[in-house]
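What follows is one structure encoded as structure tokens, with my remarks underneath.
The values are calculated or read from the model by the stated rules, or taken from the named source; none is laboratory data. This is a predicted model, so every value here is computed, not measured. Note: ideal-geometry Cβ built from the backbone for every residue, glycine included; neighbour counts use all protein chains shown.
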């Protein structure tokens with residue numbers, strides 16, 4: 001097994017300093033008489049493995065940014081954020097070399 005990266009083993013930092021993020025769903029929820037899709041955004045503390053879940057109204061960039069603002073207001077700003085580089089985190093109209 002490979003060694004863990006330094007951001008996973010730093011013990012002198014507060015929780016959610018280094019964060020992993022992933023989006024899951026959709027879930028059908030009732031709103032009045034209609035059903036709408038909602039998604040979950042999972043923020044995982046890389047140091048102590050605590051989790052924080054936020055709801056996304058859609059997979060659009062604005063919805064994710066709102067979730068990021070909400071977790072930052074509650075947990076503080078993160079120094080590092082890791083994701084699986086899924087298609088839901090790639091914005092349109094951004095050149096390929098600027099996405100890294």
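Observations
- Verdict on residue 23 being modelled with pLDDT of 90 or more and not in a strand (DSSP E or B): no
- Residue satisfying all of: in the stretch 26-35; touching a strand residue (DSSP E or B) at 6+ places or on another chain (Cβ under 8 Å) and either in contact (Cβ under 8 Å) with a residue 12 or more places away in the chain or not in a strand (DSSP E or B) (or both); surrounded by the fewest Cβ atoms within 10 Å (Cβ to Cβ) among these: 27
- Within the stretch 6-16, not a single residue is in contact (Cβ under 8 Å) with a residue 24 or more places away in the chain, in a loop (DSSP other than H, G, I, E, B), touching a strand residue (DSSP E or B) at 6+ places or on another chain (Cβ under 7 Å) and farther than 25 Å from residue 79 by Cβ.
- Residue 43 in a loop (DSSP other than H, G, I, E, B), at pLDDT 90 or above and surrounded by 11 or more Cβ atoms within 10 Å (Cβ to Cβ): no
- Residue within the stretch 78-85 that is surrounded by 11 or more Cβ atoms within 10 Å (Cβ to Cβ) and part of a helix (DSSP H, G or I) present: no
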